[in-house]
Every structure is written in C-alpha cells, then in structure tokens.
1. So, in the range 21-40, how many residues would count as being part of a helix (DSSP H, G or I), under 24 Å from residue 279 (Cα atoms) and more than 26 Å from the chain's Cα centre (by Cα)?
2. When the residues of the range 1-44 are narrowed to those that are among the hydrophobic types (A, V, I, L, M, F, W, C) and in contact with a Leu (Cβ under 6 Å, 6 or more places away or on another chain), which ends up farthest from residue 104 (Cα to Cα)?
3. Residue 346 - would you say it is more than 19 Å from residue 441 (Cβ to Cβ), at pLDDT below 95 and among the hydroxyl-bearing types (Ser, Thr, Tyr)?
4. Exactly one of these conditions fails for residue 58: (1) away from ligand 2 (no atom under 16 Å from the Cβ); (2) closer than 30 Å to residue 316 by Cα; (3) at pLDDT 95 or above; (4) not in a helix (DSSP H, G or I). Give me its number.
5. With the checklist (1) of a type outside the set (Asp, Glu); (2) under 19 Å from residue 336 (Cα atoms); (3) within 22 Å of the chain's Cα centre (by Cα) in hand, flag the one item residue 437 doesn't pass.
6. Restricted to the range 412-432, and to residues that are away from ligand 2 (no atom under 16 Å from the Cβ) and surrounded by fewer than 19 Cβ atoms within 10 Å (Cβ to Cβ), which residue is farthest from residue 234 (Cα to Cα)?
7. Out of curiosity, is residue 228 modelled with pLDDT of 95 or more and of a type in the set (Val, Ile, Thr)?
8. For the range 203-216, enumerate the residues that are charged (D, E, K, R) and modelled with pLDDT of 80 or more.
Amino acid sequence: MTSENGISDWSPSSWQKKPIKQDVIYEDQEHLKQVLTKLSSLPPLVSPTEIKKLRHQLSLVATRKAFLLQGGDCAELFEYCSKLKVLLQMSLVLTWGARIPVVRIARMAGQYAKPRSKPTEIYEGKEIPSFRGDNVNGFDPSDRKPDPERLVGAYFHSAATLNYVRSILSSGFADLHRPSEWSLHHVRSSGIRQEYQKIVDRLTDALDFMKTIGADSPVSPSSSILNTVDLFMSHEGLLLEYEQSLTHPFKDSESGQEKWYNLSAHFLWIGDRTRQIDGAHVEYFRGIENPIGIKVGPSMKPQELRELLDVVNPNKEVGKVTLITRYGATEVDKHLPSHIQILKDSGHVVVWACDPMHGNTKQSLSGVKTRHFDSIIEELSKTIKIHKANDSHMNGVHFELTGDRVTECIGGSMQLLDSDLPSNYKTYCDPRLNYEQSLDMAFLIAKYYEK
Ligand code: PEP
Ligand code: MN
C-alpha cells in the first residue's frame, strides 16, 4: 500500500501502531480527543513555502556554503521570550568571522515538552509525577497531572510567540548595526576584554564600510540583508498526538504530488531518548516533508545510524537530515570518527551540528544541574578537529541559551563560579548559556573559522 505522499504504509497516525517511549498517559481520553480535533482545525503556524525555503538553505549548509546556528531554551515556558537578540547577534559575529551566511533556527515557539529520565520524582518525601513541560503538566508540584487542555495552550503560545517574532523582524533589528554598543563589562579578564574589543571594532568597521558603499542601504531597509533576516522555528517532536494534529497535506506545485507537512514548526528533531528505529517517533518523522534533526549520543551504533538515515531519508536528499551530535567532551573522540565514516560509506550528505550541551551536564556543589563552559568549548573544538581530520566538516552548532543574565553554566568570560549559580538560576530544565556566554561562544567559533 502506498499513501498519498508515495511513502509506503505511512500516514500521520501510523506511528500509533508502534512502540512508543516517553508517552504521556491522559486520564480523560475523551477530552484528549476533543482537543486534538480542535487543534487539527486551527490555522497552520508556518507555511510549506517557508519549510521548503529552510530545506533549501540546509542543503547549502550541508555542502559548506552556509553555517547553521540553532539555539534557545531547553524548555520554554508559556511566557515572554528573550532569545531573539542574542541569536541575531551571534549570527552576525559568525557571519563576519567565518565569512559565510548563517542559517538561524530558534528552539522557540513550540519547545515545551521535555523527555525525562524518570517518570516520577520525590518532593517533600512524596513520589510525584515529573514535570513534563508546560504543554503537559505544571511545574508546581501540585499540578503534575497531564491536562490535554495544555496542548491548546501550547498552540496559542506558539502562535503568539511567532507573531511577535515576525513583527519585530519585519520592523528591523537596529541593534545589529551597533556592535560597538554591546556591553563588554561582563568580561572579567583584561586579556579577553582586549581581544573582544578588537573583534567588536573590526565588526563595527565592516558594518560602517557596508553602509558607506551602500550595501546596507538605509533607503530601502527591507532589502538590506542586515535588516531582514530569516529566523526559523524548531522544537523536539516529542508529543506525537500534537504533531499529528498539525500535520497537513499540501500539493506540490511542481510534481502535483500531495505531501505531508508538519505546520507547527519549520524544523523538528527526534531526541536521543526516542530515536529507536522501530519506534513511534521515527515512524512519524519518516513521512513529513520538513527538514528534521536527529540527536546522536554515545549509545548510537554506527550501523544503527546508517539504517536510521535510510528510513527517514530513503532518497538521500542533501541536507534533509541534521545530525545533532552530543556525546560529551570526554566521549566525542570515541564515537564521532566511526559515525563520520559510516556516513561516508552510506552516501548520505547531512548537516553535522554539534550540541556541546547535553553530554556535559553535571551536578553543582549545591545540587543543581550545571554545565562548565570549558567542557562545552572542549567538545566543540574536538568536534571541529575530528571532522577536519576525517575530511568532514562541522556545519553548525546547537545550543541551549537565553538572552537573560542567568547564572546556570559555570565559566565564560564572566568567570562565573559554582558559588555564583544560586544568584540567578532560572531554568525549569537544563542549564543555559546566558547572554554573555552565548556571545563568547559565537566569538570563539568565529575565531576557529576566521578567514
Ligand atoms: C534537549 O535538546 O533538550 C534534549 C533533551 O536533548 P537530547 O535528546 O539530546 O538529550
Ligand atoms: Mn535540554
């Protein structure tokens, strides 16, 4: 049997016949059904045209003509977001340093659900369900029962976030033109501060020069590359009921063929805990047209990786799949070379992105989750070197970050210490790079690729 999109035995609901990990059990199934019916009748959040545009851009990333920057919260909450500015500033630094266009994908407008290592946790001596994300249950320990209504909340919060992003991008993001105003007082070491200042001065000069020659024309801001930017949205495709409801058929104008698009985001990825070849998540992902990511951790066997790619991308389309590697600074040398090798043997051309966050999570002295800036840099630099040594290329990066001045990761040019963590520790899930640490990261990567 062949479905409308030409993929055998696939439909937006075919995942339901497969074993599923990280499933949410709702008590009131009737309520869930009503919610899903409602979601499937609401307007799409993004368009197939935008999705195709990103697919094209990622094919350029896979062939080294552009660089991928993906970042945002571990778990977004249903509230205001502040990551936009830092993502744009990071991409400006990267574009300038590596002289290569940057494709930006935010973990935003839908990044609510979280896979958890344990379904329950102990709170004040009692076992309660774990927090699964704002679209499932509440962070408050008294509100942990999964509520289907939260899925509708997720849709509307995604829509509101997208609306805000689209409106501020279309009205121009002037900050990008004034890197000289970026505050450097967080940089504690005077050596690093001088280095930073040098880069900011050169960046300012480059932008002034573009203005002088009219390449950054204020007359027609909408056509200026620095005033209009593409920013695509992404989240982990974890709650398949939700993803299914927002999956719609769309007739391809060239081939006339009907294809299925997940219109809740431009890009979705499969988490490291849900990427089983015979599992429900891989089944769902193999049928959608969106570009997709797969998290690749130390437990991925090379042969398994090859089979997985054959399942989700049988036609070996360049850049359709982004492999987001997250082994950990001490494990990357053990696994990445064999993964690169199997890819070469397989003929798949992917985007290789490095997520130096998820393999480097530690407990702080006070017992909260943290990550050391040095381990993040170590995994990143080892990844770049291993790719080079194996005639491959790190095409992009994937970070958990925020534009706020939080204190969740240790180190960076602010030299945050373990004892500083309690002062502004805000995350509801994993520790994120703060504003300054994110810019540090961009400057460091730009230096690696500086031409
Ligand atoms: C994440 O990206 O927040 C996450 C849970 O990652 P991973 O699936 O790689 O553990
Ligand atoms: Mn995370």
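The values are calculated or read from the model by the stated rules, or taken from the named source; none is laboratory data. If you're wondering where the values come from, they're calculated on a predicted model, not measured in any experiment. Every residue, glycine among them, receives a Cβ derived from its backbone with ideal geometry; neighbour counts consider all protein chains shown.
1. 3
2. Residue satisfying both the conditions and the ranking: 35.
3. no
4. (4)
5. Every condition holds for residue 437 apart from (2).
6. 419
7. No.
8. Restricting attention to the range 203-216, the residues satisfying the condition of being charged (D, E, K, R) are 205, 208, 211, 216.
Within the range 203-216, 205 is the sole residue that qualifies.
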